[in-house]
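Okay, so here's the structure we're looking at.
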Amino acid sequence: MTRGKFKGVPTSAELQLLRVLWEIEPTTVREVHEKVNKHNKVGYTTVLKMLQIMHEKGLVERDESSRAHIYKAIYSEEQTQSSMVKDMLNKAFGGSKSNLVMRALGKSPSAQELAEIRALLDSLEKDA
């Protein structure tokens with residue numbers, strides 16, 4: 001199967017593997033398995049199969065030039081997070097950024113969180 005452009009959001013299991021790849025890429029299946037297995041007991045063949053599926057979906061690149069295939073995430077952590085936020089924004093909040101922010105803040109944001117948000121808003125206003 002040829003690798004296509006990924007559309008949608010990665011599953012929770014795929015995100016777990018992507019986090020490892022972002023941290024130590026490019027890397028082998030064995031290295032990904034060792035890292036993941038420290039937190040969640042999962043079999044080597046499960047990690048291998050998931051990386052193969054992620055390659056087919058267009059989430060990772062695979063270098064097959066050596067015996068141990070080397071995997072690397074196609075999209076950065078920031079690109080993936082942006083894609084996931086856009087997807088959630090459209091699906092859960094009807095495209096309303098303010099509703100998303102209000103729900104994320106909840107009832108009692110900390111003073112530090114509010115200061116960071118103010119600084120971000122000030123920066124966005126300067127650029128506008």
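The values are calculated or read from the model by the stated rules, or taken from the named source; none is laboratory data. All values reported here derive from a predicted model rather than from experimental measurement. All Cβ positions, even for glycine, are placed from backbone atoms using ideal geometry, and neighbour counts span all protein chains on display.
Using beta carbons and a limit of 7 Å, which pairs, at least six apart or on different chains, have the first residue in region 72-95 and assigned by TED's automatic domain parsing to the domain that holds Arg30 and the second one basic (Lys, Arg) and surrounded by fewer than 15 Cβ atoms within 10 Å (Cβ to Cβ)?
Final answer for the pair search is Leu89/Lys97.
Taking Glu56 as meeting all but one of (1) assigned to a helix (DSSP H, G or I); (2) touching a Lys or Arg at 6+ places or on another chain (Cβ under 7 Å); (3) surrounded by 16 or more Cβ atoms within 10 Å (Cβ to Cβ), write down the number of the exception.
Result: Glu56 passes all but (3).
Does Ser98 meet the test of being among the small types (Gly, Ala, Ser), outside any helix (DSSP H, G or I) and surrounded by fewer than 14 Cβ atoms within 10 Å (Cβ to Cβ)?
The answer is no for Ser98.
Please find, within region 17-53, the residue that is farthest from Met84 (Cα to Cα) out of those that are of a type in the set (Ser, Thr, Tyr) and not in a helix (DSSP H, G or I).
In this case the residue turns out to be Thr28.
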